1. Would a scan of region B:313-321 turn up a residue that is more than 21 Å from B:I247 (Cβ to Cβ), part of a helix (DSSP H, G or I) and more than 16 Å from ligand 2 (Cβ to nearest atom)?
2. Quick one: how many residues across region B:317-336 are near ligand 1 (Cβ under 8 Å from one of its atoms), touching a residue at least 24 places away in the same chain (Cβ under 8 Å) and surrounded by 20 or more Cβ atoms within 10 Å (Cβ to Cβ)?
3. Scan B:F26, B:F39, B:F46 and give me the residue that is of a type in the set (F, W, Y) and more than 10 Å from chain A (Cβ to nearest Cβ).
4. Among (1) buried (at least 22 other Cβ atoms within 10 Å of the Cβ); (2) farther than 22 Å from A:G79 by Cβ; (3) more than 9 Å from every other protein chain (Cβ to nearest Cβ); (4) in contact (Cβ under 8 Å) with a residue 40 or more places away in the chain, which single condition is B:V206 missing?
5. For A:G17, are the conditions met, namely being at the interface with chain B (Cβ under 9 Å from one of its Cβ atoms), under 18 Å from the mean Cα position of the chain (by Cα) and without any contact (Cβ under 8 Å) to a residue 12 or more places away in the chain?
6. Looking at the structure I just gave you, is A:N143 in contact (Cβ under 8 Å) with a residue 60 or more places away in the chain and facing chain B (nearest Cβ under 7 Å)?
7. Quick check, is B:M310 within 11 Å of ligand 1 (Cβ to nearest atom), under 26 Å from B:Y428 (Cβ atoms) and at pLDDT 95 or above?
8. Please go through region B:300-341 and give me each residue that is within 15 Å of ligand 3 (Cβ to nearest atom) and within 30 Å of B:A370 (Cβ to Cβ), ordered by number.
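The values are calculated or read from the model by the stated rules, or taken from the named source; none is laboratory data. Note that this is a predicted model, so its numbers are computed, not measured. All Cβ positions, even for glycine, are placed from backbone atoms using ideal geometry, and neighbour counts span all protein chains on display.
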Amino acid sequence: MSDKFTKAMARNIFYGGSLFFILLFIGLTVDTSSALPKRDHRENITPQVAMGKDVWEKNDCIGCHTLLGEGAYYAPELGNVYQRRGGDQGGGAFIKAWIKAQPSKAPGRRQMPQFNLTEEELEALVAFLKWTSEINTADWPPNIEG
Amino acid sequence: MQYSSQAVAKPYFIVAIALFVGQILFGLIIGMQYVIGDFLFPAIPFNVARMVHTNLLIVWLLFGFMGASYYLVPEEAETELHSPKLAWILCIIFTVVGGVTILGYLLVPYATLAEITGNHFLPTMGREFLEQPTMTKIGIVIVALGFLYNIGMTILKGRKTVVNMVLLMGLVGLAVMFLFSFYNPSNLVLDKYYWWWVVHLWVEGVWELILGAILAFILIKVTGVDREIIEKWLYIIIAMTLITGVIGTGHHYYWIGAPEYWQIWGSVFSALEPIPFFMMTVYAFNMVNQRRREHPNKPAVLWALGTAVMAFLGAGVWGFLHTLAPVNYYTHGTQITAAHGHMAFYGAYVMIVLAIISYAMPLLRGRAAANSEKAQVWEMWSFWLMTISIIFITLFLTAAGILQVWLQRVSDTPMSFMQTQDQVMIFYWLRELAGGVFFIGLIVYLISFFIESGDSSATTATVDVK
Ligand code: HEM
Ligand code: HEM
Ligand SMILES: [Fe+2]
């Protein structure tokens, strides 16, 4: 690097540049916070939906599945599974029946454990997955298969 | 080794390597579960083995960063460590906390672990990479505070070099960003938004400061190039890191419910994120070419150069590959992501920790500047075996990912997830094979530590060339 470009200049770029972009990021975060309620429909986060998220976390579903594209890549995307499996016409019933029927025990096939969830927990999970499927995700995933 | 208190780095490095072995064993288990779906089921379900694999990775890298700090901070500050005793106590606490947590994952169902560790008081579990019980997270914070106090006091009483200051900023940033792991709202969108403040702002933010500082320290030591030049590069690299990487967080906000303007902010700034990695490569090779001494520890130089190249490939090139919003729309959450994750983590963070271990261990073991010729040859073999394996793992996962995108996302008649997985099975077999070679490389690495130090004088003296 050229001698005219001194260490002090490099240091100032570091402190000045970082500070500027950190502040800009915080500004964008504030703006995002005010835009989110229209996109995440938080008015629909009932205690049941909140409980569903809790069941989701306590059983580490994210360790095999993606949810809105984040998580593990071993098992199907679940952000839109409620819609994929029938939406209001049977999506919930499918999810409950599916979870109760695991593991499939099909030889050599990837297995999902039996979590022994109560009826209340199953209903909560369905409510959570339904709410998740209604988040405005800018049209992602590209198709219903996730 | 110039200060006796630097010796506490050694137990940290030993624990780091032990956990590294565990990480790879569990990597092989989940790799096998990709192809033989019911392998070890129900004893070890995939999600459990995966969290052991990823959490061991993070924890051993943290051990590596701490060991690196205990080694280089006193030498840079030209003073003894504030409290070697505290460093020892924290090493033991962290090992026990980590060990008990891993046993908890393996011995009881995850939901039971959440129950007995009181997750309902402050629910933080069940999110990717942050699976640790809340109690473990609190333990990590306590260890981090004690560590920062120890390192901070040492820097305060000694010489304040740029390397030390950048390292300290990185370490403080690491601890501060981790605090966001305690924020877990019921609103999934908010949860995800701030989850990335831990994950992205770690690996594409503050950890890069730590990487830069350790690399600068090694380059100063092994090349003898004027500190002023290296420090100037260090500043400009980390400047580019934060200038691009902070807003670059937006590349994770495209499809999780955040406003659509993030597609522009995220794409533009994250597309610039490869710049600091590219600069790191240019600078590492420049410094080694301008070296004023022949350091006898050849593997240390190899790891240092390897880090620069592989971090650029894994983070820079493989990151760029899927970071633009129109591309990420198709690749988001596929094997492309896993491909990138492997090469980036290995190239940037695994290799820098192995570089400082390689540089420091001979000195910590009283073998003067380097190991015997024979031990060095073994270590360099392990470098090539592990590095080439990770390249192949990355290539196979990329191939699987491209096919997956094509069959499941682009096609007019998309296949289901599970059908698609069947179609790309061959690449998962090949990945597992490459993982096996990686493991052999790791064994070779372990063996290199047990090869007797020869008394060849060439390996003990640093030769100045100019
Ligand atoms: C050493 C630095 C880096 C490391 C260790 C790293 C690691 C990772 C990991 C582990 C993930 C997966 C996260 C998850 O599980 O959801 C990820 C995702 C991602 N990374 Fe990086 N990364 C680094 C740098 C970069 C850079 C420089 C770029 C861009 C140029 C980039 C672009 C991305 C993108 C776009 C994703 C999201 C993938 C998706 O949509 O599924 N990364 N990274
Ligand atoms: C030092 C070397 C390694 C590093 C740094 C590493 C790192 C990681 C990371 C960061 C993830 C999370 C991926 C993501 O979310 O994108 C992961 C997952 C995984 N790793 Fe590794 N890993 C290494 C070696 C291995 C090896 C040798 C294997 C086995 C052959 C392996 C198999 C896997 C598998 C199967 C996953 C799960 C991917 C999924 O969620 O579907 N890893 N690893
Ligand atoms: Fe990122």
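1. Quick first cut of region B:313-321, residues more than 21 Å from B:I247 (Cβ to Cβ) only: B:313-314.
Narrowing further to those that are part of a helix (DSSP H, G or I): B:313-314.
Restricting the remaining residues to those that are more than 16 Å from ligand 2 (Cβ to nearest atom) gives none.
So far as region B:313-321 goes, no, none of its residues is more than 21 Å from B:I247 (Cβ to Cβ), part of a helix (DSSP H, G or I) and more than 16 Å from ligand 2 (Cβ to nearest atom).
2. 8
3. B:F26
4. It fails just one condition, (4).
5. When the stated conditions are applied, A:G17 does not pass them.
6. So A:N143 does not fit the description; no.
7. yes
8. The initial filter retains those residues of region B:300-341 that are within 15 Å of ligand 3 (Cβ to nearest atom), namely B:311, B:314-325, B:327-328, B:331-333, B:336-341.
B:A311, B:G314, B:A315, listed by residue number.
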